[in-house]
């Protein structure tokens, strides 16, 4: 069967004249631009709204402080995640130590805990009235000194320990993908392990590290839940403060534009970090990096490091949630039961699956289009598709609402009865659209950093052999970027499971997800009741994590990436 | 044929989307009344009872007030919503100001809801009342230490240095309390009060429950809380070491706020929408407020036992326009005072 298929396909290019080899390119370029426009439209609507009312309202009084806080927080969390994520990726790739195989995937789990759950749970455990400080007071007296938990350093610490998996995942993929040939070559040429790491692997991993850090910084930028618990006033907090505190939506959109400027800075920074470097995998399959065994104390030390990293962002919150659920159930066995339990979970998983698939399809198409055209305009358009990630979810939702309201008005003015009707909030289409805007960035980052490792010579060879762009996509680019695509699917699915503001704002009647369910209870501080749905979200987000880990492991055990 | 993964993926995606869109649109018969609610406590119970009594079915979407209002505005006349329900008088005032609520002239509502707890033009009606008052640890504070005439301002006195816990400036609770202080004393005096709190090294907490737990743990002596958080905690932990003090009883009275509802301007079922609001303000009062330990607005309804145990109190008259109008100023004032 395969043989005939190959034959049938092989016949196709022959029927085409030679010069049509790249005939699909303008179409692919146009596709990239189209995606950029559709994705950017709601964000643009917000920007226009903000700029249109510029000067009509005074900026918040402590704006300089907010800008400074945002800068410090983003840089702090980026540095922290680089240290933790990058360091752990190296640790589990280069060394063998007790429980290493378990930690390889445990270390990804903090991704499964949404910020709006983590902040509260963390403070419940570590703040003045929590068990940790209570024990300290009992042991050392009421005046025992403890560092201020609700502070900028506290927020940096907790956010680093919950966001590092972005860096960890991408760094680890890069380390595995590159170790095969390049590392061996370096060792053969006489470089020691450390030197091969510093001079060869680290520079090669730079694009992935940069991509991971930019994801971390954008998450930090748009976070509203965690920072608020830590009483850290970033510009995103300012957007809500102005919007809700002054009843002035336009003044809030001006601040949202400022948030976007930060995002532009992050993306520019990422580009600068990557530089002009294009590191492609070259050559054959080597032995790769052989993990070195860490014995005794050092081995357990490494295991303890991993355990510490996974505790703050995952184990402690989950244990606290379990304790609440158990406490509530002990008092009243029926109180955790909810008849709509199943429906919420199905909705959550369905939306996550569709969003992940849609984002990755688009990201692959965009990455492919950029690769074929290589033009600056198309590359910029591709960059534009990732901005949504840097816009707070509620603002994206509002952008979708106001751009469709404008479309509705325009259609009615043009004589279409009813205009768009309730297209956006009457169905889940609005949610999906907003999700794609928001989560195209992680998909594109992961796919693009995988594409970046495919030698351009491969693409050019295929083109010059007369393969149509679509065929190159299916037969060359997608198979070679498989690991990146899997990472992309997982990152988006996890984000979509956790997402709250968009689904809250745009959902039609009768459509509830697990995150909305948590929100309704948590907003009123019914944390015992909220603990079960919160655990459901964590569990649902773990599913894609496990899929990814399996995928990463199969890459690892097969020794190398198919190349 | 060789399977084409891309085409298969696209087809699968389309099918999934169709399934998802379908369940969003079709998903059963829409209810008679559809509600956008920024209030979350036990709505099902009250609405269920309303349906049992009247046969009118109700469904609701919960969300944040500002977002739901933007949604109402964007949907315009296409909106499915009949009733907009929210917390905080300023939000109700703002929704009315933006012409999203219809005027309802109802003698039932006028009789049930005290004049200051409803809009003069009948665009919204308060339905449940919460008090924001003083909570303290009885081991550390003698209630005689409080300034009975103006308790909120009294907390700016240096004798409270290092003993205060309050909510963050982002919280609408803090904002509307400060807005009412501006209304009462003028901006200058209100700023002085806020600066006094900051000078007393007030610990800013991000959550009312954590605040109460901090008082119980003894890390702060005094806080300002919504009364129902204490009622709720006492119900679970009867030996919780926090008492409630009714603020400013010898002065302007304790600061209160409401949650309330209005009929949406674009509603296609305004009659039944009005019927629901009327029911919530009369027969449905206890079903609506008790589970969350709030005070009924209707003087004919009795507060539930736990909060009745806090004793009767004099409340500060509610000036929704001031809460709404002065809220932006309150945000600015808090920033100026260095209150985060």
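Here is how the numbers come out for the structure above:
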read-out: Selected residue (only one of A:212, A:154 is assigned to a helix (DSSP H, G or I) and within 14 Å of chain B (Cβ to nearest Cβ)); value: A:154
read-out: Residue B:164 vs. criteria closer than 26 Å to residue A:234 by Cα, touching a residue at least 60 places away in the same chain (Cβ under 8 Å), surrounded by fewer than 23 Cβ atoms within 10 Å (Cβ to Cβ) and within 14 Å of chain A (Cβ to nearest Cβ); value: no
read-out: Members of region B:1-19 that are in contact with a helix residue (DSSP H, G or I) (Cβ under 6 Å, 6 or more places away or on another chain) and either more than 9 Å from every other protein chain (Cβ to nearest Cβ) or modelled with pLDDT under 60 (or both); value: B:2, B:6
read-out: Candidates B:193, B:182, filtered to the one that is away from every other protein chain (no Cβ under 13 Å), in contact with a helix residue (DSSP H, G or I) (Cβ under 7 Å, 6 or more places away or on another chain) and either closer than 28 Å to residue B:124 by Cα or not in a helix (DSSP H, G or I) (or both); value: B:182
read-out: Residue that is farthest from residue A:365 (Cα to Cα) [pool: residues in region A:8-29 that are at pLDDT 50 or above and surrounded by fewer than 14 Cβ atoms within 10 Å (Cβ to Cβ)]; value: A:26
read-out: Helices (runs of 4 or more DSSP H) enclosed by region B:239-340 - at least 2 residues per element that are more than 14 Å from chain A (Cβ to nearest Cβ), surrounded by 19 or more Cβ atoms within 10 Å (Cβ to Cβ) and in contact with a strand residue (DSSP E or B) (Cβ under 9 Å, 6 or more places away or on another chain); value: B:270-281, B:285-289
read-out: Enumeration of residues in region A:102-139 that are surrounded by fewer than 23 Cβ atoms within 10 Å (Cβ to Cβ) and not in a helix (DSSP H, G or I); value: A:129, A:130
read-out: Residue under evaluation residue B:90, criteria (1) surrounded by 23 or more Cβ atoms within 10 Å (Cβ to Cβ); (2) within 24 Å of residue A:507 (Cβ to Cβ), criterion not met; value: (2)
read-out: Residue satisfying all of: in region A:348-367; more than 23 Å from residue A:37 (Cβ to Cβ) and at the interface with another protein chain (Cβ under 8 Å from one of its Cβ atoms); farthest from the chain's Cα centre (by Cα) among these; value: A:350
read-out: Residue A:424 vs. criteria over 23 Å from the mean Cα position of the chain (by Cα), within 29 Å of residue A:533 (Cα to Cα) and buried (at least 23 other Cβ atoms within 10 Å of the Cβ); value: yes
read-out: Residue A:64 vs. criteria at pLDDT 90 or above and closer than 26 Å to residue B:170 by Cα; value: yes
read-out: Residues of region B:38-59 satisfying the condition of being in contact with a helix residue (DSSP H, G or I) (Cβ under 6 Å, 6 or more places away or on another chain) and within 12 Å of another protein chain (Cβ to nearest Cβ); value: B:38, B:40, B:41, B:42, B:57, B:58
read-out: Residue count for region A:504-551, restricted to those that are touching a strand residue (DSSP E or B) at 6+ places or on another chain (Cβ under 7 Å) and part of a helix (DSSP H, G or I); value: 1
read-out: Residues being modelled with pLDDT of 95 or more and touching a strand residue (DSSP E or B) at 6+ places or on another chain (Cβ under 7 Å) - total across region B:213-238; value: 10
read-out: Selected residue (only one of A:172, A:187 is part of a helix (DSSP H, G or I) and either in contact (Cβ under 8 Å) with a residue 12 or more places away in the chain or closer than 17 Å to residue A:107 by Cβ (or both)); value: A:172
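The values are calculated or read from the model by the stated rules, or taken from the named source; none is laboratory data. Keep in mind that what you see is a predicted model, and the values were worked out from it rather than measured. In this analysis, Cβ positions are derived from the backbone assuming ideal geometry, glycine residues included, and neighbour counts consider all displayed protein chains.
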